[in-house]
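Engineer: First, the structure itself, so that you have it in front of you.
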Amino acid sequence: MSVPQPRSRNRSCLAVAGAGALVLAWGGPALAAQANPTTVEPAGAAFSASMTGTATFSAGSTIVTCEVSATTPGGGNNLVPDAPDNHNPDGPVSGTIQAPNFDDCDTNMAFVGADVTVNDAVWEMSMQAGSPSTGTMMVPAGGIVVTTSGLASCTATVSPEAEAAISGTWTNGDPASTLAFDTSAPVVVEGGFGCPTNATESDFTATYEVTNADNPSAPITVS
């Protein structure tokens, strides 16, 4: 994964859209230019990712904060590739993930609530070994839409015209590895009073713990 930059807790519709791009996936063309070999282990393992703390999305002065975000195996997604495809001598190891959800969201504005919709059920993600190692999710065009309601009714669409690569820092752990995002993504905001309609990017921050859903004692690692 590679690209954008976010913030922290409360988020605006813009930020939320950017946040959608946040969560984990095994694939990303943006990493293709990197030559470091990559191995993801254990081969064939299913993995889950759950957010620790909060995810924040911000556009202009508007901040949206979500308390819950996770992705779990299903439909053939969230799987480390079987050997030998879990190793790439020329770059990243890629695959698909269930798009993460973003729930229990609120804003930094009084009497304004937020809702985040993920329009595409499956995202692509790639893992690249390096210093540091990275995880990059590809957010589909228009794949995340954040809406606010109350005193300010806004709609923020992340990556409105083309898919966007969202990159985070990967740290091997035992039993849980972590993927931390602090990036940004293109966004278009529509609405009236109180909406950051001049914003073109949404900042996003979030940290996920990634665990082996098949065998929690065997951590998912990138090397």
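The values are calculated or read from the model by the stated rules, or taken from the named source; none is laboratory data. Please read all numbers here as calculations on a predicted model, not as lab measurements. Glycine gets a Cβ as well: all are built from the backbone with ideal geometry, and neighbour counts include every protein chain shown. Please note that ligands, DNA and RNA were not included when accessible areas were found on the heavy atoms of the full protein model with its side chains. Shrake-Rupley method; radii C 1.70, N 1.55, O 1.52, S 1.80 Å.
Engineer: On the given criteria, is THR148 in a strand (DSSP E or B), open to solvent by less than 50 Å² (accessible area, probe 1.4 Å) and of a type outside the set (Phe, Trp, Tyr)? Let's see the steps before the verdict.
Structural biologist: On the way: in a strand (DSSP E or B): yes; open to solvent by less than 50 Å² (accessible area, probe 1.4 Å): yes; of a type outside the set (Phe, Trp, Tyr): yes.
Yes, satisfied.
Engineer: If you don't mind, another one. Could you give me the residue pairs with C-beta distances under 6 Å whose first residue belongs to the stretch 99-118 and is more than 21 Å from SER50 (Cβ to Cβ), whose second residue is among the hydrophobic types (A, V, I, L, M, F, W, C) and assigned to a strand (DSSP E or B) wherever it lies, and which are 6+ apart or on separate chains?
Structural biologist: Pairs found: THR107/VAL64; THR107/ALA114; ASN108/ILE63.
Engineer: Determine whether GLY95 is in a strand (DSSP E or B) and either in contact with a strand residue (DSSP E or B) (Cβ under 6 Å, 6 or more places away or on another chain) or open to solvent by 50 Å² or more (accessible area, probe 1.4 Å) (or both).
Structural biologist: Criteria not met by GLY95.
Engineer: Evaluate the stretch 172-194: report whether one residue or more is more than 22 Å from GLY74 (Cβ to Cβ), assigned to a loop (DSSP other than H, G, I, E, B) and among the aliphatic types (A, V, I, L, M).
Structural biologist: no
Engineer: Suppose we filter the stretch 62-78 for residues that are of a type in the set (A, V, I, L, M), open to solvent by 50 Å² or more (accessible area, probe 1.4 Å) and in contact (Cβ under 8 Å) with a residue 40 or more places away in the chain; how many remain?
Structural biologist: Number of matching residues: 1.
Engineer: Any residue that is more than 16 Å from the chain's Cα centre (by Cα) and in contact (Cβ under 8 Å) with a residue 60 or more places away in the chain - is there at least one of those in the stretch 156-177?
Structural biologist: Yes.
Engineer: Looking at (1) of a type outside the set (D, E, K, R); (2) in contact with a helix residue (DSSP H, G or I) (Cβ under 7 Å, 6 or more places away or on another chain); (3) buried (at least 19 other Cβ atoms within 10 Å of the Cβ), can you tell me which one MET138 breaks?
Structural biologist: (2)
Engineer: Could you say whether any residue in the stretch 70-85 is part of a strand (DSSP E or B) and either under 14 Å from the mean Cα position of the chain (by Cα) or aromatic (Phe, Trp, Tyr) (or both)?
Structural biologist: Taking the stretch 70-85 as the starting set, the residues that turn out to be part of a strand (DSSP E or B) are 70-71, 74, 77, 79.
Retained after the next criterion (residues that are either under 14 Å from the mean Cα position of the chain (by Cα) or aromatic (Phe, Trp, Tyr) (or both)): 70-71.
The answer is yes, given that some residue of the stretch 70-85 is part of a strand (DSSP E or B) and either under 14 Å from the mean Cα position of the chain (by Cα) or aromatic (Phe, Trp, Tyr) (or both).
Engineer: Additional query: Looking only at the stretch 182-200, count how many residues are touching a Gly at 6+ places or on another chain (Cβ under 8 Å) and surrounded by fewer than 20 Cβ atoms within 10 Å (Cβ to Cβ).
Structural biologist: 3
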